[in-house]
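**Q** Below is the structure I would like to discuss, written out as structure tokens.
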Amino acid sequence: MSTLNRLVLWNIDHTLVDVGRVTREAYAEAFQRTVGRPLVRLAPTPGRTESEIIFETLAFNDVVTTDDHLPTFTAALVEAFATRRADLRGHGRVLAGAQEAVAALAHVPGVVQSVLTGAVQPNAVLKVTELGLADHLDLDSGGYENGVYSKAALLELARSRAGERHEARYPESATVYIADSPRDVQAAHIAGSPIIAVATGSATEAELRAAGADRVLATLADTHAVVSAVADLTRL
């Protein structure tokens, strides 16, 4: 891979890690603290931002939302994750090849890696830190749920942050998003950046291809395939 300024943005849940059990427990606790009764149904999470999941979960559970619900629920969710730090290590897992892929890309000249996730920043950082993935990720350049922007807009924000932090330019064509859902594919298309879709979430390879992913991988287990895909999609 030739030396170019490239930005690789990783989705976290179901792309790098599986922390589904901890997420469900944290949402249940946050819902109980916010609403005052047990959670019955959690909204679908793939490709969604935290605010989308929260509002849909409240609707699924017949809660009439007010302006206070989102900040209250979000704060409770951050606290619920923080108290489950040990559970993330005990019950979460790094998906096959994720550690190796991140490490391999870290050794490619000109590549900066960060995250683009629907999770709020404290929870996102906790996940990758506790599961040992943070060393090669510039987490300050990441795009995180903030209650205002879509994932497509967050991708643009991450590009801008990375450019400022590393005094480099990361055009759309040199920014690769690696994620696992059709919604993520759509976000990348809106932002004008190529996407490598990995069938490690709820979507199949066929569904990811149909959504228009530039490259589809079954898993991240083939490190060479991941590195080659980043190189191919950012060749200027």
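The values are calculated or read from the model by the stated rules, or taken from the named source; none is laboratory data. Given the structure is predicted, the values throughout are model-derived calculations rather than measurements. Every residue, glycine among them, receives a Cβ derived from its backbone with ideal geometry; neighbour counts consider all protein chains shown. Please note that ligands, DNA and RNA were not included when accessible areas were found on the heavy atoms of the full protein model with its side chains. Shrake-Rupley method; radii C 1.70, N 1.55, O 1.52, S 1.80 Å.
**Q** Applying 1/(1 + (r/R0)^6) with R0 = 45 Å to the Cβ-Cβ distance of residue 32 and residue 107, what FRET efficiency is obtained, to the nearest 0.05?
**A** 0.50
**Q** Going through the stretch 131-223, which chymotrypsin sites (Phe, Trp or Tyr not before Pro) have at most 16 other Cβ atoms within 10 Å and a DSSP loop state?
**A** For chymotrypsin sites (Phe, Trp or Tyr not before Pro) across the stretch 131-223 that sit outside H, G, I, E and B with at most 16 neighbouring Cβ atoms in 10 Å, the list reads 149.
**Q** May I pose another question? Just from its helices, what would the mean residue ellipticity at 222 nm be for the chain, if runs of 4 or more DSSP H residues each count -39500 (n - 2.57) and the sum is divided by every residue, rounded to the nearest 500 deg cm²/dmol? Working shown, then result.
**A** Numbers: 10 runs with 111 residues, N = 236.
Helix contribution divided over all residues of the chain: -14500 deg cm²/dmol.
**Q** By how many degrees, 0 to 90 and rounded to 10, does the Cα axis of helix 69-82 deviate from the longest principal axis of the chain?
**A** That works out to roughly 70 degrees.
**Q** Compute, for residue 129, the solvent-accessible surface of its heavy atoms (probe 1.4 Å) with the complete set of protein chains present, and express it in square angstrom to the nearest 10.
**A** Here the residue's solvent-accessible area equals roughly 70 Å².
**Q** Binning at 5 angstrom from zero up to the longest distance, how are the C-alpha pair distances of the stretch 36-150 distributed in percent?
**A** 2, 10, 17, 21, 20, 13, 8, 5, 2, 1, 0
**Q** Taking trypsin sites (Lys or Arg not before Pro) as candidate sites, keep only those in a DSSP loop with at most 15 other Cβ atoms within 10 Å, then name the longest stretch of the chain containing none of them.
**A** With a cap of 15 other Cβ atoms within 10 Å, the longest stretch comes to 42-168.
**Q** Taking amide hydrogens as modeled 1.01 Å from N in the peptide plane, which residues meet the under 5 Å criterion relative to residue 143, leaving out close sequence neighbours?
**A** 115, 116, 117
**Q** Cα extents of the chain along the three principal axes, largest first, in whole Å?
**A** For the chain, the Cα extents along the three principal axes come out at 56, 37, 33 Å.
**Q** Quick check: net charge around residue 164, other residues with Cβ under 12 Å of its Cβ, Lys/Arg +1 and Asp/Glu -1?
**A** +1
**Q** Using a 1.4 angstrom probe and counting only protein chains, how large is the accessible area of residue 173 in Å², to 10?
**A** Approximately 50 Å² for this residue.
**Q** Which length gain, in nm to one decimal place, applies between residue 69 and residue 96 when the Cα-Cα distance is subtracted from 0.36 nm times their residue separation?
**A** Values: separation 27, 0.36 × 27 = 9.72 nm, distance 3.67 nm.
Here the answer is 6.0 nm.
**Q** Expressed in nm to one decimal, what extension gain is obtained for the pair residue 232 and residue 40 from 0.36 nm per residue of sequence separation less their Cα-Cα distance?
**A** Stretched out fully, the residue 232 to residue 40 stretch lengthens by 64.6 nm.
**Q** According to a simple spin-label model (label point 7 Å from Cα along Cα-to-Cβ), what is the distance in nm between residue 139 and residue 87?
**A** 1.9
**Q** Continuing with the same structure: With an 8 Å cut-off on Cα pairs and a minimum separation of 6 or more residues, tell me the relative contact order of the chain in percent. Present the calculation step by step, with values, prior to reporting the outcome.
**A** Details: 436 pairs, mean separation 60.6, N = 236.
Contact order relative to length: 26 percent.
**Q** With a 1.4 Å probe and all protein chains left in place, how much of the accessible area of the chain comes from carbon and sulfur atoms, in whole percent?
**A** 49
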